[in-house]
Every structure is written in C-alpha cells, then in structure tokens.
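Take a look at the structure set out below.
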Amino acid sequence: MKGHCVTILTQRICFRSGDMAEKRKTKTSSAVKNRYNNRVYGSIVVRIPKETAEAFKEKCIQTGIPQAQVIKKAVEQFLAE
C-alpha cells in the first residue's frame, strides 16, 4: 500500500502502509512571537510620500536587501556620528 499525506490547516499528516505517522508541530504561536517581539524590539513609524515609499520598496526588491536592514543601518550610522 502506498503512503499518502494530507495537510489539515497547517499540519501535515502522512499515512504509510496502514500506520499513522504524524509530523511533529514545530510552529510557535503568533501570540508568543508577538510577546517576544514587543519585549525585545522597539518600533519606529515614519510617514513619507507614497512615491518615495514605492521607490524605496522597489529598490529593496531589485537589490535583494530587506527594507528593515536599510533602516537599521541608517540608524546605526546616525548614532555612530
């Protein structure tokens, strides 16, 4: 008998030769991640013209550099002055 797998919500369950082998859950809940992020990180909100925001996002995509990395580097350079 061939094995067969199904995905239910975010969990993948595989059945093989009559036995049931369930993939172990390894995902952390969003609530836990949010609590950690709120405890460890701060946030900075910036309002800029839409055209500037779109150009920034597009350049980040083209160069493969995450948006947050650009902002973090700018803040670190500013603080080092």
Completion exercise
Expected output for the stretch 1-16 (first residue in the same structural domain as Ser29 (by TED's automatic domain parsing), partner at pLDDT below 70 and among the acidic types (Asp, Glu), Cβ below 9 Å, 6+ apart or cross-chain) is Gln11/Glu22; Arg12/Glu22; Ile13/Glu22; Cys14/Glu22
Practice task
Would you check if Thr28 is of a type outside the set (Phe, Trp, Tyr), out of contact with any Phe, Trp or Tyr (no Cβ under 7 Å at 6 or more places or on another chain), under 30 Å from Val75 (Cβ atoms) and at pLDDT 95 or above?
Solution key: no
Exercise for the section: Output yes when any residue across the stretch 57-74 is closer than 30 Å to Ile13 by Cα and either assigned by TED's automatic domain parsing to the domain that holds Ile13 or over 15 Å from the mean Cα position of the chain (by Cα) (or both), and no when none is. Expected result: no
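The values are calculated or read from the model by the stated rules, or taken from the named source; none is laboratory data. Every value quoted in this text rests on a predicted model; they were computed, and no experiment measured them. Note: ideal-geometry Cβ built from the backbone for every residue, glycine included; neighbour counts use all protein chains shown.
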